[in-house]
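Colleague: The following block contains the structure, expressed as structure tokens.
Please treat every number below as a calculation from the coordinates, not as lab data. Just so we're clear, the structure is a prediction, and the values are computed from it rather than from any experiment. Glycine gets a Cβ as well: all are built from the backbone with ideal geometry, and neighbour counts include every protein chain shown.
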Amino acid sequence: MTFCPTPATKYVVLFGNPLAHSLSARLHNAVFRAWKWDCLYYPLESDGAEALGRILSVLPLFHIVGANVTMPYKETVISFLDRLDAGAAECGAVNTIVVTASGLVGHNTDGTGFLRSFTETFGESLEGKRLLVAGAGGAAKSLVFALLRAGVERVVVYNNNEARAKGLVERVEAFHPGKCVWHPLEDKPVPAAAVREADILLNTTKMGMRGALEGASPFNFASLRPGQFVCDAVYNPPETRLLAEAAAAGCRTLGGEGMFLHQAAEAFFLWFGQYPDVDLMRDVFREHFRTVQHSGVRRTSAEVRTPRCDMPT
């Protein structure tokens, strides 16, 4: 049966651009259907910060209980919020918004989601490990801070955008002095020596994501060594080329599925005060990719249209 909103329907929205690859709506709406809740999760593409700010300003006027935020707005969105929780304030990035009587509150569940996924998959401590991160955006910020709190000893960041990379390092230095350095990527793979030296490799860039960058990686595959932890924040496709090559090289791999599911569960708790059925979310996630693989249909972001939140002036 097709869902039909009522005057009492509660909404959660997703902000980002592009959103065609996102599976968040599938996961959350599956839980709403299973629990027979009068709720709807709705993706809204926004062209730029100005449009994002306008739509955020009217969220409290409707039955919108919260929102998720993804690329490229995890940092930009902060200027439109009324306050941040401690974790979001520390890392300087937001992926979850809760609409309260006193305003919009920003949170970040990415780091918690990644740590739960890492522990669930490997069952190992992060204490004393050396981390190499490709990327310096909102996802990188939240994961770097979470990993440092979990005991990572050293973080090396590679990124094309010097200002963004410096901003990340300066923020880390304020809370974890001497733990983080950065190097320019210059549109080239991370140097082989840096890759081999790291205990954990983490891709937080769009490289490898379904679409034009699928198959790309910030790391040279020949530089990988057996026993390394190779992690990719990309979840669509579930196994990126980086992960496939890393597994073939004898590395221990972690895709974006677990992080995606657990950050979604944490966000759900912030909105509704209880955790969703994560097993159901996992089943929906995997069934989507089984269906896509079985049908042989590969739809790019250019072929899938999502609603936009561009508001008139």
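Colleague: Around ALA244, under 14 Å between beta carbons, what's the net of Lys plus Arg minus Asp minus Glu among the other residues? Walk me through the numbers before you get to the answer.
Modeller: On the way: positive: ARG241, ARG252; negative: GLU214, ASP232, GLU239, GLU245.
It works out to a net charge of -2.
Colleague: Now, a different point. Ranking request for peptides 133-142, 89-98, 241-250: highest mean number of other beta-carbon atoms within 10 Å first, then the rest in descending order.
Modeller: Details: 133-142: 27.2, 89-98: 24.1, 241-250: 17.7.
By packing density, highest mean first, the sequence is 133-142, 89-98, 241-250.
Colleague: For ALA8 and GLU124 in the same chain, what is the full-extension length gain: residue separation times 0.36 nm, less their Cα-Cα distance, in nm?
Modeller: Numbers: separation 116, 0.36 × 116 = 41.76 nm, distance 4.54 nm.
Result: 37.2 nm gained on full extension.
Colleague: Evaluate the relative contact order of the range 11-83 (contact order divided by residue number), counting alpha-carbon pairs under 8 angstrom at least 6 apart; express in whole percent.
Modeller: 48 percent
Colleague: Given a Förster radius of 45 Å and the C-beta distance between VAL58 and ASP283 as r, what FRET efficiency does 1/(1 + (r/R0)^6) yield to the nearest 0.05? Provide the component values of the computation, followed by the final result.
Modeller: Numbers: r = 35 Å, r/R0 = 0.78.
Rounded to the nearest 0.05, the efficiency is 0.80.
Colleague: Give the peptides 254-267, 219-232 in descending order of average Cβ contacts within 10 Å, highest first.
Modeller: Order by mean packing, descending: 254-267, 219-232.
Colleague: Give me the log10 of I(q) over I(0) for the chain at q = 0.07, 0.11 Å⁻¹, as the Debye formula computes it from C-alpha points; what are the numbers?
Modeller: Cα-only, vacuum Debye calculation for the chain: -0.26, -0.67.
Colleague: Can you check what the net charge comes to around VAL172, using other residues whose Cβ is under 15 Å from the Cβ of VAL172 (Lys, Arg +1; Asp, Glu -1)?
Modeller: Surrounding charge for VAL172 is +3.
Colleague: Under a point spin-label approximation (7 Å from Cα along Cα-to-Cβ), what is the ASN220-ALA192 distance to one decimal in nm?
Modeller: 0.5 nm
Colleague: What distance in nm separates the simple spin-label points at ALA86 and TRP37, each placed 7 Å from Cα in the Cβ direction?
Modeller: Roughly 2.6 nm, to one decimal.
Colleague: Can you work out ³J(HN,Hα) from phi for every residue in the range 68-81, in order, using Karplus 6.51 cos²θ - 1.76 cosθ + 1.60 and θ = phi - 60°, giving whole Hz and x for Gly and Pro?
Modeller: Once rounded to whole Hz, the list reads 9, 10, 10, 3, x, 10, 5, 9, 4, 5, 4, 5, 9, 9.
Colleague: For the pairs LYS10/LYS36; LYS74/LYS166; LYS74/LYS206; LYS141/LYS188; LYS74/LYS188; LYS141/LYS166, note any where the Cα-Cα span goes beyond 19 Å.
Modeller: Where the Cα-Cα span goes over 19 Å, the pairs concerned are LYS141/LYS188; LYS74/LYS188.
Colleague: Cut-off is 10 Å between beta-carbons; in what order do VAL278, VAL157 appear when sorted fewest neighbours first?
Modeller: Ascending number of Cβ neighbours within 10 Å: VAL278, VAL157.
Colleague: Same structure again: What ranking of MET71, MET281 emerges when the number of other C-beta atoms within 10 Å of each C-beta is taken as an exposure proxy, fewest first?
Modeller: MET71, MET281
Colleague: Quick one: P(r) of the range 203-288 from all Cα-Cα pairs, 5 Å bins, percents rounded to integers, in order of increasing distance.
Modeller: 3, 15, 22, 19, 16, 12, 8, 4, 1, 0
Colleague: Counting only C-alpha contacts under 8 Å and six or more residues apart, can you give the relative contact order of the chain as a whole percent?
Modeller: Once normalised by length, the contact order is 19 percent.
Colleague: Under a GNM of the chain (C-alpha, springs under 10 Å), which listed residue has the highest mean-square fluctuation: ARG290, ARG54, ARG116?
Modeller: ARG290
Colleague: Can you put TYR42, TYR275 in order of Cβ neighbours within 10 angstrom, beginning with the fewest?
Modeller: Ascending number of Cβ neighbours within 10 Å: TYR275, TYR42.
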